[in-house]
Amino acid sequence: MEAVPQGQPEPQSVAVVEFNDFCNYLRRVVTVFLPNDDVTPPAFNAALQERSNQDCIRMFISDQQVPVLFIQRASSKGKIT
């Protein structure tokens, strides 16, 4: 860990995009990957509402140490979620 010279502020994490704007972008991207649907799947919207997922998204857009946001499509009993 590097020492910050006296008199200089410590570097802070800064989001490069607003959370809601990024979620809207994700919704558009999801519809591109699901060519049979023109609307965002309800399960994806529900996933964006979960607090733990929101925390991961916020960390991704504000922390340079988090280089990747991984979103995985899972199916359960023949139903795609």
Practice prompt. May I ask you to list pairs of residues, at least six apart or on different chains, whose Cβ atoms are under 6 Å apart, with the first in region 52-74 being over 15 Å from N24 (Cα atoms) and in contact (Cβ under 8 Å) with a residue 24 or more places away in the chain and the second being among the hydroxyl-bearing types (S, T, Y) and surrounded by 10 or more Cβ atoms within 10 Å (Cβ to Cβ)?
Written response: S62/S13; D63/S13
Item to complete: Among the residues of region 1-53, write down those that are in a helix (DSSP H, G or I), among the aliphatic types (A, V, I, L, M) and at pLDDT 85 or above.
Response: L26, V29, V30, A43, A46, A47, L48
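The values are calculated or read from the model by the stated rules, or taken from the named source; none is laboratory data. Just so it is clear, the structure is predicted and the values come from calculations on it, not from any experiment. Reconstructed Cβ throughout: ideal geometry from the backbone, glycine too, with neighbour counts over all protein chains shown.
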